[in-house]
Amino acid sequence: MRGWLRSDGRKGIRNVVAVAYLVECAHHVAREVAGSDRDHAHVIGFPGCFPNPYAQKMMERLCTHPNVGAVLLVSLGCESFNRHQLESVVKATGRPVKVLVIQNSGGTRSTIAAGQAWVAEQVVALAAAPTVPMDISELIVGTVCGGSDGTSGITGNPAAGIAFDKLVAAGAACIFEETGELIGCEAIMEARAATPALAAELRASVEKAARYYETLGYGSFASGNADGGLTTIEEKSLGAYMKSGQSVISGLIKPGDIPPKGGLYLMDVVPDGEVRFGFPNISDNAEIVEMMASGAHCTLFVTGRGSVVGSALAPVIKIAANPHMYARLSEDMDVNAGRVLEGAASLEEVGQEIFDLVVSLASGKRSKSEELGHQEFILTYKSFEPIGPACLPV
Amino acid sequence: MQTDPRLILLSPGDTVYVLRDQIAAGEAVMVEGVAVSFAQSLGLGHKIARLAVAAGDRVIKYGAPIGRASRAIAPGDHVHLHNLVSDYTPTYALNPQVAQNRGD
């Protein structure tokens, strides 16, 4: 494994230009700028016109993600997003950064041309950038499940959990999340906490999620989950929980908090305070974005019904839980965990395969979703309080 | 007691089995020594009752409660939206055959 060393000591497994729109009104221009070289220029952004400290923090973390080598900020000009602060945060890391304000740049065509020229220069420079050796212990890996069905919790999710155990044993930091999909798992999860105070924090995070979703009137449960045999949110949760493996839970983080050392971390993704901005994560990529903001180099994505998404900035490994779905969507799937149901592989074997794939991904191999050009990204309004001292026991 | 090998038990105290393969409509399936069949096909990942559960009692899977029986469940019953409800939030299903629980 080799990576690109950043000024904060972290290492990237990719070296891309982030093209970030700072309001939806600048999205088209950003997309056109990146469109000339989608392999090397990835579009991210925040659509809102009104200020939100969470979105500001997410964009700062994402623009300084270890997989990012240079940043182009595309502003319309009148949005509230603090582009000056974002620019200075990126600049302080030593990364090349440029701001294009459409209203001051002559409009759509000339802004696109200026952006494409700048990105092309950066791509040349990044291609020549030196790499350094990288160890598994320097990796941060996230996991999500999406399009879950009754197979997810018995094949793909426990196999991802085994891969997590191997990564944690090798010193990596692993993040599992979606407290709204851990409802019903509070008791078994808190027993795995590193300290009693952390156990209380884990329980409180799930209880917060249960209250939040009760107010919304629906759980984190899509109609397709029921088609696939799942009946209740707590049943879906128990299956999702399997992704966490067996390791001790070292800490509770919130989006943008970077794990201080190796170990297993739960990410609390449900906003604090009263219900304000709607569903915590409106679709799977919102969760991937939050784990990237916490430094995840790549994401393990387990799917039963058959999600096809990837992500901007950090590669996604797709793990098919259901062998029938794998047969239909094999071009999108990196791993067929459904073999476990057919007696063709053990969970341990699939877990090892996932672990090996993480290592090869970090050594330059591209995942299926990367090859297919998937670069989904979504960031919406949220609000969080900082984590308390019990969340990260020393 | 004999049970079809396509039904897997995830944890010893579970009241349900999980299907690891499809079952066709009308096909005879052994559940705890009793042959049962279903009017509609059932997709893999669906649940079939292993033990009787009285209305209001908990249904157990993975060794943990996944909700309560909304009506009495007998061994061999398909367990889904028609006889199992969450203790937390209600479940939304778009497709009418699933909402009425006629399977996949």
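The convex hull of the Cα atoms of the stretch B:10-57, projected and averaged over all directions, covers 3.9 nm². Nearest 500 deg cm²/dmol is fine: what mean residue ellipticity at 222 nm does chain A get from its DSSP H runs of n ≥ 4 alone, each adding -39,500 (n - 2.57), divided by its residue count? Dividing the helical sum by the residues of chain A leaves -10500 deg cm²/dmol. Compared with its chain on its own, the stretch B:6-40 contains the following residues whose accessible area drops by 30 Å² or more in the full protein assembly (probe 1.4 Å; ligands, DNA and RNA excluded): B:ARG20.
Summed over both chains, the accessible area lost when A and B associate is about 2600 Å², using a 1.4 Å probe. For the stretch B:1-77 versus the stretch A:185-260, the spacing of their alpha-carbon centroids is 26 Å.
Summarising the amide proton neighbourhood of B:THR91: residues at separation of 5 or more, or on other chains, whose placed amide H is nearer than 5 Å comprise B:SER86. The alpha-carbon positions of the stretch A:256-353 define a convex hull whose volume is 129 Å³ per residue. Diffusion coefficient of the stretch B:7-102 by Stokes-Einstein, Kirkwood radius over Cα pairs, 4 °C, 1.567 mPa s: 96 µm²/s. In chain A, the portion of solvent-accessible area held by carbon and sulfur atoms comes to 55 percent [1.4 Å probe, whole percent, DNA, RNA and ligands not counted]. Which whole-number percent of Cα pairs in the stretch A:181-302 have a distance greater than 19 Å? More than 19 Å apart: 49 percent of the Cα pairs in the stretch A:181-302.
In the full protein context, the protein assembly as shown carries 37 Å² of accessible surface per residue, based on a 1.4 Å probe and ignoring ligands, DNA and RNA. For chain A, the membrane-span-like helices by this rule, meaning whole DSSP H stretches whose C-alpha atoms cover at least 18 Å of axis and whose Kyte-Doolittle mean is 0.5 or above, are A:108-127, A:156-169, A:347-361; this says nothing about an actual membrane.
The ratio of the alpha-carbon radius of gyration of the stretch A:230-310 to the globular-protein estimate 2.2 N^0.38 Å is 1.18. Each Cα pair of the stretch A:18-177 feeds into the Kirkwood radius, which the Stokes-Einstein equation turns, at 37 °C and 0.692 mPa s, into a diffusion coefficient of 185 µm²/s.
Under a 5 Å amide H cut-off, with hydrogens placed 1.01 Å from N, A:GLY3 pairs with A:VAL132, A:MET134 among residues at least 5 apart or on other chains. Each label was represented as a point 7 Å from its Cα along the Cα-to-Cβ direction; for A:ARG203 and A:VAL124 these points are 6.2 nm apart.
Between A:ALA120, A:ALA92, A:ALA337, the Gaussian network model of chain A with springs among Cα atoms under 10 angstrom shows the greatest mean-square fluctuation at A:ALA92. Applying the Karplus relation 6.51 cos²θ - 1.76 cosθ + 1.60 with θ = phi - 60° to the stretch A:178-186 yields 3J(HN,Hα) values of 6, 4, x, 10, 10, 5, x, 9, 3 Hz, where x marks Gly and Pro. Of the beta bridges in chain A, as assigned by DSSP with both residues counted there, near 10 percent are antiparallel. Could you work out what % of the accessible surface of the stretch B:7-102 is carbon and sulfur, using a 1.4 angstrom probe and leaving DNA, RNA and ligands out of the count? Of all accessible area on the stretch B:7-102, carbon and sulfur atoms account for 52 percent. Over 22 Å between Cα atoms: which of A:LYS243/A:LYS382; A:LYS236/A:LYS382; A:LYS236/A:LYS318; A:LYS11/A:LYS243; A:LYS57/A:LYS98; A:LYS166/A:LYS208 fall into that group? Where the Cα-Cα span goes over 22 Å, the pairs concerned are A:LYS243/A:LYS382; A:LYS236/A:LYS382; A:LYS11/A:LYS243; A:LYS166/A:LYS208. Residues of the stretch A:144-192 that bury at least 10 Å² of accessible area once all protein chains are present, compared with their chain alone (1.4 Å probe, heavy atoms only, ligands and nucleic acids left out), are A:GLY150, A:THR151, A:GLY153, A:ILE154, A:ILE183, A:GLY184, A:GLU186. Across the protein assembly as shown, the fraction of Cα-Cα pairs farther apart than 36 Å, rounded to a whole number, is 32%. Taking the chain by itself as reference, the stretch A:225-257 contains these residues with an accessible-area loss of 40 Å² or more in the full protein complex (1.4 Å probe, heavy atoms): A:ALA226, A:ASP227, A:GLY229, A:THR231, A:THR232, A:GLU234, A:GLU235, A:LEU238.
The values are calculated or read from the model by the stated rules, or taken from the named source; none is laboratory data. Computed from a prediction, not measured in an experiment: that's the story for all the values here. Using ideal geometry, Cβ is built from the backbone for each residue, glycine included, and neighbour counts are taken over all protein chains shown. Surface accessibility is based on the protein's heavy atoms, side chains included, excluding ligands, DNA and RNA. Shrake-Rupley method; radii C 1.70, N 1.55, O 1.52, S 1.80 Å.
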